[in-house]
Every structure is written in C-alpha cells, then in structure tokens.
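*Asks:* Below: one structure in structure tokens.
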Amino acid sequence: MEAFWHQVFSGLAAGGIYASLALALVMIYQATHLVNFAQGEMAMFSTYIAWALIQAGLPYWVAFFLTLGISFAGGIVIERTVIRPLAGASVLAVVIVFIGLLVIFYAMAGWIFSYVLKPFPSPFPAEPPFGNKYIGAHELGVIAVTLVVLVLLFAFFRYTKLGLAMRAAAQNPVSSRLVGIRVGWMLALGWGLAAAVGAVAGMMVAPLVFLDPNMMSGILLYAFAGALLGGIDNPAGAVLGGFLVGVLENLIGAFVIGNELKLSVALALIVGVLVVRPHGLFGTRIVTRV
Amino acid sequence: MAALLEVAGLRAGYGAGQVLHGLSFALEEGGIAAILGANGAGKTTTLRALCNMIPAAGEIRLAGERIDRLATEDIVRRGVGHVPDGRGTFVHLTVEENLRLGAYTRTDKAAVATGMETVYGYFPRLAERRKQQAGTLSGGEQQMLAISRALMLQPRLLLLDEPSFGLAPLVVEEIFAIMRKINREQRVAVLLVEQNASLALALADHAYLLETGRVVISGTADEISRDESIRRSYLGY
C-alpha cells in the first residue's frame, strides 16, 4: 500500500508538469487550432536560460522569474516573426514551421550548452516535509507551483479585461476586431504566456530528469495525451487530464508494464482517446454541417 | 447638417470578383440611411468595406477625416459600431462579457457601467440573461445583444447589417422601434442594410437603392416609398 501511495503522489507531481505543458498546448490550440510541437523544446530552452542565470550566480527565484520574463518575451517574438507571416497559410505549412522550431531549439540548445546532462537545482529542501514517507519536498513543491500558476492564469483570463480580450480574440477574431481589439497582439500575448507556462514546466521537471536537450520530448507526449484526454479545447480539462496521465503513467509503469515501457502509456492513451472519444472528457464535440 | 459619413467611388470585392463598382453615398450626423437591394447587390459588402474588413478602394470620410486606409480596429476606435451580418456573437462568453467587450476601447469604468445599464434599459431581456452564455440566447436576443455590444462603444455611427434576418415579425418590430429610440437618445447615426424594404423605409430618412454594386436610385425615404414604379420594380412590395 505504501508503494501505491508513493506512486500516486509522484504521479501527481509529474502530472503537474504535464498539466502545465498541456495548458500551454491548449492556449495555442485555442487560437490556431493547431498543436505547437515545439512547445516542449521551447520549454527546454527556457530551462537552459534559467540554468545559465543560476550559473552566473543569481539566486534561484530571481533566475526563475527572470526566465519567465525572457520566455514570455521570446514567445511574443516567435509569434511576431515566425508565426504571423503564416496567417492564411495551409495547415501543413504551419505544422512544418512548428517542427522547424522544434529542430532549431533542439540544435541551438545542444550547440550553446552541449548535449552533456546537467544537474538542475530544486528550490525545495531535500528532506521530505513533515517526516512523511510518501512524497518528497520537490514533488510537493511542483504540485504547489503548478496550482499557483493555474490559479493565476484562471484569474487572469476570468477577471481581467485583457484576459477577456484574449479569449475573445481566440474565439472570434472577426468580431474582436469590430470591438477594437488588436487581435494580432492578443495572439502574440498568448504565445508569450504559453512560453512562460512551458518554462515553469521545464524548470520543475529538470531537477527530476537532469537537464539535456532531449529533456522535454517524452514530456510533451504525456502533456499531449493529457490535453487530449481532458479535451484539447478546454483548459481546465487539459489540466485535469495532465494530472490523470501523470498518475496513470506512474501506476501502470510501476505495477503493470514496468518503467521502461511507461511512455507507451501515453501513446496508448492518445490512440485510445482519438478512437473512442476524440473530443476528450470535457472538450466540445465538433459537429460540422455539410 | 454636416455629413458624418461620405463615401465616394467605393470599389471592393472578394478575390477576383468585384462586387462594388464605384459606390457613392453620404449620411448626415444623427441621420438614418438605408441601403436597399436584392441578394447579391453588395449591401453587406458595402458595410464590410467601410470597416476595412475586405480590401477596398475609394474615399471614405468620417466627420471629414479619411478612414479608408485605417485598420478595422482603428476605425472602430473612431466611433464606428458595426453589427455584422450573422450578429458576430461571442457564443462561449456570457451576455455581460459580450457587452464588456463592446466597451473594450473605453477606459472610463463608471461611464461603461452607466452604458451597460442604458442598454439593459433598452433590452430588459438581456439584463435577465446577463450571466447566461450568449450562444444559448434566441435569435432575437442575439440580435439585441449584437446591437447592444455595438452601442457599448458609444459610437457616432452604427452600421446595422440586416437586423431583421431570420427573426419573427414581432421581434423585428420590437427591435426597429427601439432602434428609433436609440437613434434619438444616443444621437447616433445609423446606416442600415436591409432586404425588408418597407421596414427600412419606415425607419430611415434617406435611402439608397443598390443594384449589382452601384447606387441606382437615391432619395428621401418618403419619396422612394411613395414612388409606385420603384416599389414595384425594385422593392417587391
């Protein structure tokens, strides 16, 4: 039983990371109706920036927030320079650009920081809190950080004028222009926010898996499975899906198929959801009138 | 009275197909003008061209100032409220969020709150449904919401694209009666595009008749509705 609860809690911690990245995917999906395959590699690159800042002697949390700011700005620059010129382009063209971004970030990280694994610090103590034996401090910290990010994002989109305008721009760009919203900038802000949320995921996962250019490739797959499971157009669903995938992956990996085959859980989930319930648990069923 | 909107030689279309072939018309400050015509005459295209939602050429002046090179958002910011064809509802947002978006460009919170009470006064049914998802409203209520959303901008000019489309006659009457009130009380000029000519002529003071992208007849609403031959050959009633 102890091993079971241990797996559940570490599953929740991993799930928090997947949930953050899944949320980043959903934010881009809502505006573009496409999955940004480069989201994971962007997060990985952000984590390298944090690593470099920490190496330069900055305290962890200073580096953390600085990285968020840099990632946010970077996301905006990417949207303005790479994605915006594609307005009106075919789906295939955009997907290829996403894959191009993935390759560029991967290669840049390897080129600048080398492919050697690097340890990444955790801001949380090494000892498990309150003397419990189920969950480590870093895992608890990851869950807490994820929840704070989610609550802040929710409040931003729900209660601020800018958040409302961003939702409107993603849903109905034509009407948004007719009320005076600068839709292009809202999309760019969305990219910035998604990049920042991805950076949080990267910085939280790096202490668990070590920092290397490959760090996020598997995690993006789990995040994608989480987003699909919850419903790719539903942010709250994607978050819940991310947590569910984290727990499932850990339990099935530990007790059923072994840790080496864990990633296949994500693939099985993706295929399963697409076959059985393509709109996920909470997504909108898409019906097209012919 | 001074002209609020002056349009000269407006040409526009979609891709290779040109729809408007040099349209000219004007609208007085605080006036109501109707653009009439059959399906495909270019009525909706005219409104879209005015807001630069489609590529267009020609001169468009708002209160004497050229607006034809401006982006849609900037034309809106100059006080042009557009109630688009299809109503443009943000269906996943609540009624109140739709109205808040209408006032997106305004910064005076107190004035926006007053404005919201004013539109709820015109359309009490929206007030009852303020927390409801806009997509769940009936067609008539969505039309009221679309008009209210445009009013939240505090526009000088309101562009109305077929407000009667798909609605029951009673609802249409209600909306047109309130439009007259809004025109007077808010001192907003209205450019109305309608297929229902008799309704539009009853509300408007001027009318322009469009045929294949050109103004073929223009005059006061009275003259046009009294002219038997125009009525028979163009308006079909």
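Any read-out appearing in this document is the output of simple, stated calculations on the displayed coordinates, not a laboratory observation. Since the model is a prediction, treat every value here as computed from it, not as a measurement. Glycine gets a Cβ as well: all are built from the backbone with ideal geometry, and neighbour counts include every protein chain shown.
*Asks:* Take A:TRP191, A:TRP51 and order them by how many other Cβ atoms sit within 10 Å, fewest up front. Each step should come with its number before you reach the end.
*Replies:* On the way: A:TRP191 27, A:TRP51 21.
Exposure proxy ranking, most exposed first: A:TRP51, A:TRP191.
*Asks:* Take every residue in peptide A:168-177, count the Cβ atoms of other chains within 10 Å of its Cβ, and give the average of those counts.
*Replies:* Working: counts 8, 1, 1, 4, 7, 0, 6, 13, 6, 11.
Shielding by partners across A:168-177 averages 6.
*Asks:* Quick check: from the Cα gyration tensor, does chain B come out rounded (a/c under 1.5), prolate or oblate? Please list the in-between numbers first.
*Replies:* Values: a/c = 1.67, a/b = 1.34, b/c = 1.25.
The shape class here is prolate.
*Asks:* Which percent, to the nearest 5, of DSSP beta bridges fully inside segment B:104-220 are antiparallel? Walk me through the numbers before you get to the answer.
*Replies:* Numbers: 6 of 11 bridges.
Around 55 percent of the beta bridges assigned by DSSP in segment B:104-220 are antiparallel ones.
*Asks:* Quick one: net charge around A:VAL183, please, counting Lys, Arg +1 and Asp, Glu -1 for every other residue with C-beta under 10 Å from its C-beta.
*Replies:* Working: positive: A:ARG177, A:ARG182; negative: B:GLU73.
Charge balance in the 10 Å sphere: +1.
*Asks:* On each of the three principal axes of the Cα atoms of segment A:157-290, give max minus min coordinate, whole Å, ordered largest first.
*Replies:* Here the Cα extents, ordered largest to smallest, are 55, 41, 24 Å.
*Asks:* Among DSSP beta bridges lying fully in chain B, give the percent that are antiparallel, nearest 5. It would help to have the intermediate numbers written out before the result.
*Replies:* Working: 24 of 43 bridges.
If I count the DSSP bridges inside chain B, around 55 percent turn out antiparallel.
*Asks:* Excluding B:THR105 itself, calculate the net charge of residues whose Cβ lies under 12 Å from the Cβ of B:THR105, where each Lys or Arg counts +1 and each Asp or Glu counts -1.
*Replies:* Working: positive: A:LYS161, A:ARG177, A:ARG182, B:ARG77, B:ARG78, B:ARG100, B:ARG106; negative: B:GLU73, B:ASP74, B:ASP108.
Taking every other residue near B:THR105 into account, the sum is +4.
*Asks:* How well do other chains shield peptide B:65-73, expressed as the mean number of their Cβ atoms within 10 Å of each residue Cβ?
*Replies:* Numbers: counts 0, 0, 0, 0, 0, 0, 3, 8, 10.
For peptide B:65-73, the averaged partner shielding equals 2.
*Asks:* Give me the inter-chain shielding for A:180-190: mean count of other chain Cβ atoms within 10 Å, whole number please.
*Replies:* Details: counts 16, 6, 6, 2, 2, 1, 0, 0, 0, 0, 0.
Average neighbour count from other chains, rounded to a whole number: 3.
*Asks:* At 222 nm, what helix-only mean residue ellipticity would chain A give, in deg cm²/dmol to the nearest 500, using -39500 (n - 2.57) for each DSSP H run of four or more?
*Replies:* Working: 11 runs with 204 residues, N = 290.
That calculation yields -24000 deg cm²/dmol at 222 nm.
*Asks:* With everything on Cα atoms, drop me the angle between helix A:2-32 and the longest principal axis of chain A, reported from 0 to 90° to the nearest 10.
*Replies:* Roughly 20 degrees, rounded to the nearest 10.
*Asks:* Trypsin sites (Lys or Arg not before Pro), restricted to segment A:61-162: which are DSSP loop and have at most 10 other Cβ atoms within 10 Å? Don't skip to the end; give the middle numbers.
*Replies:* Details: sites: A:ARG80, A:LYS133, A:ARG158, A:LYS161; in loops: A:LYS133.
Counting only loop positions with at most 10 other Cβ atoms within 10 Å, the trypsin sites (Lys or Arg not before Pro) in segment A:61-162 are A:LYS133.
*Asks:* Another question, if that's okay. In chain A, with Lys and Arg counted as +1 and Asp and Glu as -1 at Cβ, which of these residues, A:GLY40, A:TRP185, A:ILE135, has the Cα nearest the positive end of the dipole, that is, farthest along it?
*Replies:* A:TRP185
*Asks:* A follow-up question, please. How large is the charge dipole for segment A:140-290, taken about the Cα centre, if only the Cβ atoms of Lys, Arg (+1) and Asp, Glu (-1) carry charge, to the nearest 20 debye?
*Replies:* Numbers: 9 positive and 4 negative charges, 156 e Å.
The calculated dipole for segment A:140-290 is roughly 760 debye.
*Asks:* Which shape class applies to the protein assembly as shown: rounded if a/c is under 1.5, otherwise prolate when a/b exceeds b/c and oblate if not, where a ≥ b ≥ c are the square roots of the Cα gyration tensor eigenvalues?
*Replies:* Details: a/c = 2.64, a/b = 2.40, b/c = 1.10.
Here the protein assembly as shown falls in the prolate category.
*Asks:* Among B:ILE75, A:ALA254, A:ALA236, which residue has its Cα furthest toward the positive end of the charge dipole of the protein assembly as shown, with +1 on Lys/Arg Cβ and -1 on Asp/Glu Cβ?
*Replies:* B:ILE75
*Asks:* Scan chain B and hand back the longest stretch that contains none of the trypsin sites (Lys or Arg not before Pro) lying in DSSP loops with at most 12 other Cβ atoms within 10 Å.
*Replies:* Numbers: sites that count: B:ARG69, B:LYS131, B:ARG187.
Excluding the exposed sites themselves, the longest stretch runs over B:1-68.
*Asks:* Shifting gears a bit: Mind checking the angle between helix A:60-78 and chain A's longest principal axis? C-alpha axes, 0 to 90 degrees, to the nearest 10.
*Replies:* Long axis of A:60-78 versus the principal axis of chain A: about 30 degrees.
*Asks:* What's the angle, to the nearest 10 degrees (0 to 90), between helix A:91-113's Cα axis and the longest principal axis of chain A?
*Replies:* 40 degrees
*Asks:* Using the number of other C-beta atoms within 10 angstrom as an exposure proxy, rank B:TYR122, B:TYR208, A:TYR134 with the fewest first. Display every interim value, and only then the final one.
*Replies:* Working: B:TYR122 19, B:TYR208 26, A:TYR134 16.
The fewest-first ordering by Cβ neighbours comes to A:TYR134, B:TYR122, B:TYR208.
*Asks:* If you don't mind, there's one more thing I want to ask. So what's the gap between the Cα centers of segment A:1-46 and segment A:121-151, to the nearest angstrom?
*Replies:* 17 Å
*Asks:* Right, another one. How big is the antiparallel share of DSSP beta bridges in the protein assembly as shown, given as a percent to the nearest 5?
*Replies:* Values: 25 of 44 bridges.
The antiparallel fraction comes to roughly 55 percent.
*Asks:* Tally Lys/Arg at +1 and Asp/Glu at -1 over every other residue whose Cβ is under 15 Å from the Cβ of B:GLN195; what's the total?
*Replies:* Result for the local shell: -3.
*Asks:* When the dipole is taken about the Cα centre of the protein assembly as shown, and only Lys, Arg (+1) and Asp, Glu (-1) are charged at their Cβ, what size is it in debye, to the nearest 20? If you can, show how the numbers build up before the last one.
*Replies:* Values: 39 positive and 36 negative charges, 36 e Å.
Charge dipole, the protein assembly as shown, about its Cα centre: 180 debye, nearest 20.
*Asks:* Another question, then. Taking only DSSP H segments of four or more residues, each worth -39500 (n - 2.57), what value at 222 nm results for chain B once the sum is divided by all its residues, to the nearest 500 deg cm²/dmol? Present the calculation step by step, with values, prior to reporting the outcome.
*Replies:* On the way: 9 runs with 84 residues, N = 237.
Estimated from H runs of four or more residues: -10000 deg cm²/dmol.
*Asks:* What list do you get for A:TYR29, A:TYR48 if you sort them by fewest beta carbons within 10 Å? Let's see the in-between values first.
*Replies:* On the way: A:TYR29 20, A:TYR48 24.
The most exposed by this proxy come first: A:TYR29, A:TYR48.
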